[in-house]
1. For region 35-81, what are Rg and Dmax over the alpha carbons, in angstrom?
2. Using only alpha carbon pairs under 8 Å that are at least six residues apart, calculate the relative contact order of the chain and give it in whole percent.
3. Report the gain in length on full extension from residue 11 to residue 163: 0.36 nm times residue separation, minus Cα-Cα distance, nm rounded to one decimal.
4. Obtain the nm distance between the two label points defined at residue 240 and residue 96 by a simple spin-label model: each point lies 7 Å from its Cα along the Cα-to-C-beta direction.
5. Taking the Cβ-Cβ separation of residue 112 and residue 156 as r and a Förster radius of 25 Å, what is the calculated FRET efficiency to the nearest 0.05?
6. Treating the Cα atoms of the chain as identical point scatterers in vacuum, please give the log10 of the normalised Debye intensity I(q)/I(0) at q = 0.12, 0.16 Å⁻¹, two decimals.
7. Between residue 65 and residues 5 or more places away or on another chain, which pairs have amide H atoms under 5 Å apart, with H built 1.01 Å from N, and which residues are they?
8. Show that you can apply the helix-only estimate: for the chain, add -39,500 (n - 2.57) for every DSSP H stretch of four or more residues, divide by all residues, and state [θ] at 222 nm to the nearest 500.
Amino acid sequence: MELKKYADYDQMSEAVAKEIAAHVRRHPRTVLGLATGSTPIGLYRELIRHHREEQLDFSEVITFNLDEYYGIQSDHPQSYHRFMQDHFFAHVNIPEQHIHIPESQPEDVQSYCRRYDEMIEEAGGIDIQILGIGSNGHIGFNEPAEELQLHTHQVQLAPSTIEANSRFFSSRDEVPRSAITMGMRSILKARRIFLLASGEGKAPIVKKLMKPAISTRLPASLLWLHDNVQICVDGAAAQLL
Ligand code: F6R
């Protein structure tokens, strides 16, 4: 696990975008694993800039998002389908059929989740996975627990996640209680992983994460088992290191 500290959020976003852009130029058919939330917004903004100003071509890129709230309409302003359209997909040339985001309410959840992992395999596996980190240590929506799930699955959100994400909804009651998320193995199979953390609110969990030990109570700590992970932090998230 390699720690990369950046002076601020913009520098972090620019640096990670540059790495992804370089990879996509070398390998146009890159498979990207994508996250939502506040943290990667700057990264998406930078990738859009590379597309517009530096002719970065996404026409062969394939994407798989980590998660989606369960039971939310895909045009709901807080759905991750909508988030990805607004912050990234509407502004670059990724063909629609190359974009994968977990369905919010599949008819048969189990077989749909199995199919989602199969689709990742059929695409050749994820080349670069972008992650944020919850202040409770979750990645995707793999919440701290006694046991973690390996594959894509439906999960109950932790009270702390509902609380944290209520900032995007008009009230806490509106936050969906459950989500479909890629599992730990789905994430750890990615060839290269960037975990981004920004702001002082993330400083305590970043400090815990940098202790080289693993625990299902800190799902992100399982990234220590992977050989190609960069933990990218801005100054505020690094302040307790
Ligand atoms: C989002 C996701 C989550 C977020 C995490 C941090 O797709 O999988 O794990 O990355 O909750 O969210 P922000 O960036 O809003 O602090």
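1. 13.1, 39
2. 26 percent
3. Between residue 11 and residue 163, full extension yields an extra 51.8 nm.
4. Placing both labels 7 Å beyond Cα along the Cβ direction yields 4.5 nm.
5. 0.90
6. Result of the Debye calculation: -0.63, -1.21.
7. Distant-sequence amide H within range of residue 65: 34, 100, 101.
8. -9000 deg cm²/dmol
Each reported figure results from applying straightforward, stated rules to the coordinates on display, with no laboratory input. Just so it is clear, the model here is predicted, and its values are computed rather than measured. Backbone-built Cβ (ideal geometry, glycine too); neighbour counts: all protein chains shown.
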